[in-house]
Structures are given as C-alpha cells and as structure tokens.
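Engineer: Take this structure, written in structure tokens, and hold onto it; I'll ask about it next.
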Amino acid sequence: MDLSIIVPIYNEEINLPVLYARLAAMLDALLLETEVIFVNDGSRDRSLELMQGFAARDPRMHYITFSRNFGHQVAITAGLDLSRGAAVVVMDGDLQDPPELIPELYAKLHEGYEVVYAKRRSRQGESAIKLFTAKMFYRILARITSVNIPIDTGDFRIVSRKVVEALKLMPEQNKFIRGQISWIGYKQTFLEFDRSERAGGEPGYTYSKLIKLALDGITSFSDLPLRIASIGGFVVSGVAFLVMLYAVYARFFLKNYGIGWPSLMVSVLFLGGIQLMAIGIIGEYVARLGANTRQRPLYIIDETDLPLKKPN
Ligand code: UDP
Ligand code: MG
C-alpha cells in the first residue's frame, strides 16, 4: 500500500458526494495503491450510509465508525492506527483541504522528507473573529511552547510510515496531533495552498471544541502557564507580606490606622483573583493528568471494513 488518506467526518452528508468524486478523480490520475479511510465521528446525518456506499462500490474506499462523537483529533488517531500506507495524508472532509493538492504533497514527501504540511496562504469564508483567534492562538503557542509548531497550519499534511509509528507510541489522551508531529522531529517541510470556504453544511468545530483544542495544545506542549501561576503567586504574596508589615507598623508605631475597609477589600479581592487564576491553571493540567492515568481507550469503534489491529 503506497498511500492512506484519512478523512474525519462529522455531519458532512452534503460534502461527501463531491469529496468522493474529487478524491476518486485525483486517485485515478495518481496511479498509486491507495486506501481512503473515512472516520465517522458519531455523525447524526446520513454520512455513515454514504461512506458505506462508497466502500461497497469502490475497493479503495474504507470506513471506520465510532460509537459516538469522540472529536476530530481522536478520529484522525483511529485512522492512523488502522492505516496501512507507506505514506499517510490527513485531510478535512468539508473540502476546505483540496484533494488535488495530494499528488504535490506526495511528490514533495519523496524529495526526502518525513512530513510535508500544507500551510494556509489564505483562508476564505471564515469570520473575522475566527481568523483573529486562530492567528493569535498560533502566535501565542509558538511563543510559549518548546517545540516548533508551524504557524497557520491545520492537520492537512502527509507523513511517512515512520512518523505514524512514532505517533502510535504517544499514548496521550488529549491529542494535539500537529504538535505531536512537530515534537517527533525528522525532516519536515511545507507546501502553501489557498484554503477555500467549507463547501456546505455547518462547521463541526464549535467554539467550545476549539477552546478545548487550544488548551490541549498549550498544556501538552508548554509548562509556562503553570510557571506564570506560581511566579505570579510568589510575587503577589511577597507584595502582600510587605503591605502587611506596613499595616502592623502603622497600627502600633504611627498610630494612624484608618477605617481600612477599602484597602482590605482591594487586597482580599486581588489575592482571591490571583489564587483562583492559579488554581484554574493548575486544574487544567490536573484534569489532563487524570485523563491520562485513567488509561481509557481513546475511542470505541462500532464497525469498520478495515482489518482491526490490536492497539499497542
Ligand atoms: N470533525 C470531526 N469531529 C468533530 C468535529 C469535526 O470529525 O467533532 C471533522 C469535520 O467533519 C471536518 C473536520 O473535522 O472534516 C474539520 O472540522 P470543521 O470544518 O468543523 O473545522 P474548521 O474547518 O472549522 O476548523
Ligand atoms: Mg472546516
């Protein structure tokens, strides 16, 4: 098997027929032994039926269906786990990632790289808020993490079998695949493309899912928030200690102590705020520690036409 193409799918019935046609046309011209793995991430529309139809009629097409919605990153992971290709492409199912770029990605990979990611030169049809938050997120992430996560790239990329096997060795529950791939290393490069509008249907990534992804990215690859919390805590309690000394001095030596209510409130609220912030940040990490110690399987497969391998 030369190439596996993994497409996570969540409620994409409108886009699937076009996606299939474009993938099939591209593959007909590519002349490689290829498998396309659609991962149905608990869609509530006819996506599953459609992909089962593709699999029945076209031997290159396969599907995995989950018992419920596990999320985009987990869907990709399941596809990687069952993929058999010497190279593996990950792409979105809403036609924002053009299948026609795959031959170029494939060719570039064989120039001696292990990872070729598709970098968005432009993004069409997305709200100003989404563009701004995405931009900020990638910039902040680049600043505070120790690994070099490429700016303005999603998960659209091609990786070699070596990288897939390395990913399988990373058992974390809170997946941030693009970060993990950067962490793995090897020779990586990129190709630029213009990201088009989602062809039809609604984005499956709600803001709460995006925030979770952003937090997973930050907490898996940076300890800076924790460090800020503890340094901030030390600084603030240091200042508070000085203020306390002054208060005692004023009380007993200067004999000038006012009603004191405003300063009391200010310091109590300020300290309370800092503490909550620090606890919140720690909580984000602790929650992820918890998820990893529970050692649950990452996903439950309901049905697939692919041979199931023992998870390692
Ligand atoms: N997706 C998924 N599970 C989810 C949400 C999204 O498998 O819980 C899939 C979705 O079908 C699409 C890809 O992930 O193929 C990207 O999702 P979306 O287009 O909503 O994200 P955006 O392009 O807005 O970042
Ligand atoms: Mg999209």
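Engineer: Multiply the residue separation of Asp302 and Ala25 by 0.36 nm, subtract the distance between their alpha-carbon atoms, and state the gained length in nm to one decimal.
Structural biologist: Gain on stretching Asp302 to Ala25: 96.8 nm.
Engineer: Starting from the Cα of Gln295, step 7 Å toward the Cβ, then list every residue of the range 39-83 with an amide N under 18 Å from that point.
Structural biologist: none
Engineer: Sticking with this one: Pick out, in residue order, every one of the chymotrypsin sites (Phe, Trp or Tyr not before Pro) in the range 86-191 that is DSSP loop and has at most 14 other C-beta atoms within 10 Å; say none if there are none.
Structural biologist: Here the sparse-neighbourhood loop sites are Tyr186.
Engineer: Could you pull the Rg and Dmax for the range 1-46, using just the Cα atoms, both in Å?
Structural biologist: Reported Rg and Dmax, both Å: 11.7, 34.
Engineer: Between helix 261-294 and the chain, what is the angle of the helix's C-alpha long axis to the longest principal axis, kept within 0 to 90° and rounded to the nearest 10?
Structural biologist: So the helix axis and the longest Cα principal axis differ by about 30 degrees.
Engineer: If you don't mind, there's one more thing I want to ask. Just tell me which lysines come within less than 19 Å, Cα to Cα, of Lys135; anything on the same chain fewer than 8 places away is out.
Structural biologist: Lys119, Lys209, Lys212
Engineer: Test of understanding: extend the Cα→C-beta vector of Lys108 to 7 Å, then name every residue of the range 123-166 with backbone N under 19 Å from that spot.
Structural biologist: Those under the cut-off are 123-124, 148-164.
Engineer: Please determine, in degrees from 0 to 90 and to the nearest 10, the orientation of helix 16-30 with respect to the longest principal axis defined by the Cα atoms of the chain, where the helix direction is its Cα long axis.
Structural biologist: That helix lies at roughly 60 degrees to the long axis.
Engineer: Let me ask something additional. Report the residue, chosen from Ser160, Ser237, Ser196, that carries the largest GNM mean-square fluctuation when the chain is represented by alpha-carbon nodes joined by springs under 10 Å.
Structural biologist: Ser237
Engineer: Then there's this: On a straight-distance basis, which lysines could pair with Lys162 in a cross-link, Cα separation under 19 angstrom, same-chain partners fewer than 8 positions away excluded?
Structural biologist: Within reach: Lys108, Lys175, Lys187, Lys309, Lys310.
Engineer: In whole Hz, with x marking every Gly and Pro, tabulate ³J(HN,Hα) for the range 134-147 from phi via Karplus 6.51 cos²θ - 1.76 cosθ + 1.60, θ = phi - 60°.
Structural biologist: 4, 4, 4, 4, 5, 5, 5, 4, 5, 5, 9, 9, 7, 8
Engineer: Moving on to the next point. At 0.36 nm per residue, minus the direct Cα-Cα distance, what do Lys255 and Lys309 gain on full extension? Give it in nm, one decimal, please.
Structural biologist: Answer, rounded to one decimal: 11.6 nm.
Engineer: Between the range 200-222 and the range 1-49, how far is it from one alpha carbon centroid to the other, in angstrom?
Structural biologist: 23
Engineer: Filter the GluC sites (Glu not before Pro) in the range 42-144 to those in DSSP coil with at most 16 other Cβ atoms within 10 Å of their Cβ, and list the result.
Structural biologist: Those satisfying the criteria are Glu111, Glu126.
No lab work stands behind these numbers, since they all come straight from the coordinates. Computed from a predicted structure; not experimentally measured. We place every Cβ from the backbone using ideal geometry, glycine too, and count neighbours over all the protein chains shown.
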